[in-house]
Amino acid sequence: MRLHITLFLALKFFVLISFQVRAQSKKFIELSYDQGPIIGNHKDWADEIIDKTAYAGVDVRFGWRSSNNTYYNYINRFPSYGVGFTSALNYYYEIGRPMGIYGFGEFPFGKNNFDRKLNFSYYAQIGLGFNMNPYDAETNPTNGFVGSAVNVHVHFGLKASYQITKSIEAFSSIGTKHYSNGSIKKPNAGINFIPIALGVRLNLDQEQFHPGEKPVFPPLEKRGFWNISAYTGLKSYEIGEKAYFRGGLGVNYLWEISYKYRGGIGLDWFYGAGAKDRFPNDEITFDDSNSLAVVGSWEWKLTRNLYMPIGIGVYLNKAHYNQETTNFYERIGVRYRMNNNVFAGVQIKAHRVKADFFEFTLGYTIPGKVRKIVTP
């Protein structure tokens with residue numbers, strides 16, 4: 001039940017932040033068919049499942065491309081946002097028939113030329129995955145990919161589209177589609193597909209997309225920002241074991257690099273509960289369940305309030321009882337900063353792309369003094 005609530009809140013967050021950009025937008029519907037291999041992990045059980053299964057699926061998306069001529073839209077080349085539904089076509093007892101509902105963002109490559117017929121872009125989807133047949137010690141012991149029927153759906157990829165008429169575009173894409181629960185319930189190797197898609201976009205608005213001339217950029221205030229964050233989440237360490245609290249605190253100093261990016265450095269502290277329960281015969285010290293790391297942080301500003309945090313951390317002290325298996329970790333997600341400088345979001349913390357836990361974040365930004373004003 002906790003997993004269902006957690007993932008529902010995550011999807012609701014992404015849908016809400018995507019709907020904020022609907023005003024002054026060009027709406028569309030996309031239909032696509034995709035097919036591709038399942039990627040294993042060189043385990044015998046994974047090879048056995050891959051030999052029995054194949055992936056083919058369909059996607060339906062409703063989206064909008066904002067024509068609001070702000071400098072945020074301009075520097076991100078007027079991205080598209082929306083919501084979608086995906087489903088595998090075939091059912092296999094080992095994994096079920098994976099489905100997903102998600103929010104997405106699509107970001108064009110190249111200069112802002114709205115008269116091109118051939119366009120390239122990259123995209124990201126995140127939402128809820130469901131309708132999977134998870135691991136069960138008695139009925140489905142082979143499936144080490146997912147330990148829960150409800151998971152997170154994540155899909156990144158590249159896309160090429162061609163405008164046939166004002167109303168119709170054809171496109172093809174390739175990417176990585178991933179289902180996992182962020183280690184809330186083990187096993188959690190994750191289901192990974194490499195789908196190649198063919199599809200069509202139906203533009204619901206007939207007028208040509210022309211936001212206008214380059215907007216007026218305000219002076220860029222070069223200043224520092226202190227981000228103070230609290231992370232919360234859940235993690236299961238072994239199959240059949242309950243999920244324990246995982247969380248921590250982060251303090252980062254970021255500098256205004258450009259209109260689009262902030263970058264800086266900081267410290268992360270992480271805590272994992274349940275070490276004494278999991279290892280009752282061991283003498284647990286503070287360092288066994290607490291870790292400290294230096295983290296390089298990056299913010300990609302999508303709108304005035306919406307941004308993507310990206311981080312690479314290096315442990316000063318690793319808590320081995322918390323399964324911090326490498327000397328470094330990665331972080332990526334989405335956050336929304338309100339006008340009162342309070343921010344909230346969700347990220348995935350991982351070790352070499354293997355999920356550690358989902359971080360639900362609440363924090364506060366303290367702006368520093370303006371050191372320099374750069375006129376565009």
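Read the figures in this text as sums done on the coordinates, not as results from a lab. Bear in mind the structure is a predicted one, so any value in this text is a computation, not a measurement. Methodologically, a virtual Cβ is constructed for each residue, glycine included, from the backbone with ideal geometry; neighbour enumeration extends over all protein chains shown.
Given Cβ point charges of +1 (Lys, Arg) and -1 (Asp, Glu) and nothing else, what value in debye, to the nearest 20, does the dipole of the chain about its Cα centre take?
Details: 42 positive and 31 negative charges, 355 e Å.
Around 1700 debye, computed over the chain.
Positive-end ranking of ASN69, TRP298, PHE109 along the dipole of the chain, with charges on Cβ about the Cα centre, is headed by ASN69. As a rough footprinting exposure proxy, the listed residues ASP356, ASP115 were ranked by other beta carbons within 10 Å of their own, and the order from fewest upward is ASP115, ASP356. Gain on full extension, evaluated as 0.36 nm per residue between VAL353 and LYS372 minus their Cα-Cα distance, stands at 3.0 nm. When the pairs LYS27/LYS117; LYS43/LYS185; LYS111/LYS301; LYS177/LYS318 are compared against a 22 Å limit on Cα-Cα distance, LYS177/LYS318 fall above it.
With the alpha-carbon atoms of the stretch 220-374 aligned to their principal axes, the span from lowest to highest coordinate is 60, 26, 25 Å, starting with the largest.
Label sites at THR232 and VAL216, each approximated as a point 7 angstrom past Cα along Cα to Cβ, lie 4.4 nm apart. Placing unit charges on each Cβ (+1 for Lys and Arg, -1 for Asp and Glu) gives the chain a dipole about its Cα centre, and among GLY363, ASN119, SER236 the Cα reaching farthest toward its positive end belongs to ASN119. Fewest neighbouring Cβ atoms within 10 Å first, the residues TYR329, TYR364 line up as TYR364, TYR329. Compared with the alpha-carbon gap, the fully stretched path from GLN206 to ARG116 is longer by 30.8 nm at 0.36 nm per residue. Residue order for GLU169, GLU256, fewest other beta carbons within 10 angstrom first, comes to GLU169, GLU256.
Using the Karplus relation 6.51 cos²θ - 1.76 cosθ + 1.60 with θ = phi - 60°, the per-residue 3J(HN,Hα) values for the stretch 340-351 come to 8, 6, 7, 10, 9, x, 9, 9, 10, 9, 9, 10 Hz, with x marking Gly and Pro. Measuring nothing but alpha carbons in the chain and taking Rh as the Kirkwood radius, the Rg to Rh ratio lands at 0.99. Each Lys and Arg adds +1 at its Cβ and each Asp and Glu adds -1 at its Cβ; summed about the Cα centre, the stretch 321-376 shows a dipole of about 360 debye.
How long is the gain from ALA149 to ILE29 if the chain were fully straight, where each residue apart is worth 0.36 nm and the alpha carbon distance is subtracted? Write out the running numbers ahead of the final one.
Details: separation 120, 0.36 × 120 = 43.20 nm, distance 2.85 nm.
Result for the pair: 40.4 nm of gain on full extension.
For the chain, modelled as a GNM whose springs connect Cα atoms under 10 angstrom apart, the maximal fluctuation among GLY233, GLY36, GLY247 occurs at GLY36. Computed about its Cα centre, the charge dipole of the stretch 2-203 is approximately 1060 debye, with only Lys, Arg, Asp and Glu carrying charge at their Cβ.
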